[in-house]
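Chemist: Quick one: structure below, then a few questions.
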Amino acid sequence: MPAEFDSSSLEARVLRLLQKAYPITLDEMERKLRISALKLKRVLATLEIKGLVAIRPLPDKTYVDLISQNFRFTGRNPSQQKKLKHTKAKKPGGGDQTNDYDGPMFG
């Protein structure tokens, strides 16, 4: 059974980034996700326990590999969310008044 993640969670953001950018280092992930190194390491440790990612430390960099595609996202995508309709506020007095301005353009 695939692991399920809320589409707006940090785990989902990490997994989407790993799907798009491969290979990627921890430093690149921190910059692209705009999160601290500690948060990223905690999320990656959780995903590693679930068997979805592998962390490969090298002497100069640490790479993160997506080793399983056995997951799915739940919740709404941003494109599925209902758009707000903005209505114009009614003017006091009903708005049926004509403009009696006789300026230089309407003279």
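Chemist: Check which residues have an amide H placed less than 5 Å from Y63's amide H, if you skip close sequence neighbours.
Modeler: R56, L58
Chemist: Length gain on complete extension for the stretch D6 to A54, per 0.36 nm per residue less the alpha carbon to alpha carbon distance?
Modeler: Gain on stretching D6 to A54: 15.2 nm.
Chemist: Let me ask you something else. Could you pull the Cα extents of the stretch 3-70 along its three principal axes, largest to smallest, in whole Å?
Modeler: 33, 23, 21
Chemist: Right, something else. L38 label point, 7 Å along Cα→Cβ, cut-off 19 Å on backbone N: hits in the stretch 44-69?
Modeler: Inside the label zone: 44-47.
Each reported figure results from applying straightforward, stated rules to the coordinates on display, with no laboratory input. Model, not experiment: these values are computed from the prediction. Cβ atoms come from the backbone with ideal geometry, glycine included; neighbour counts cover every protein chain shown.
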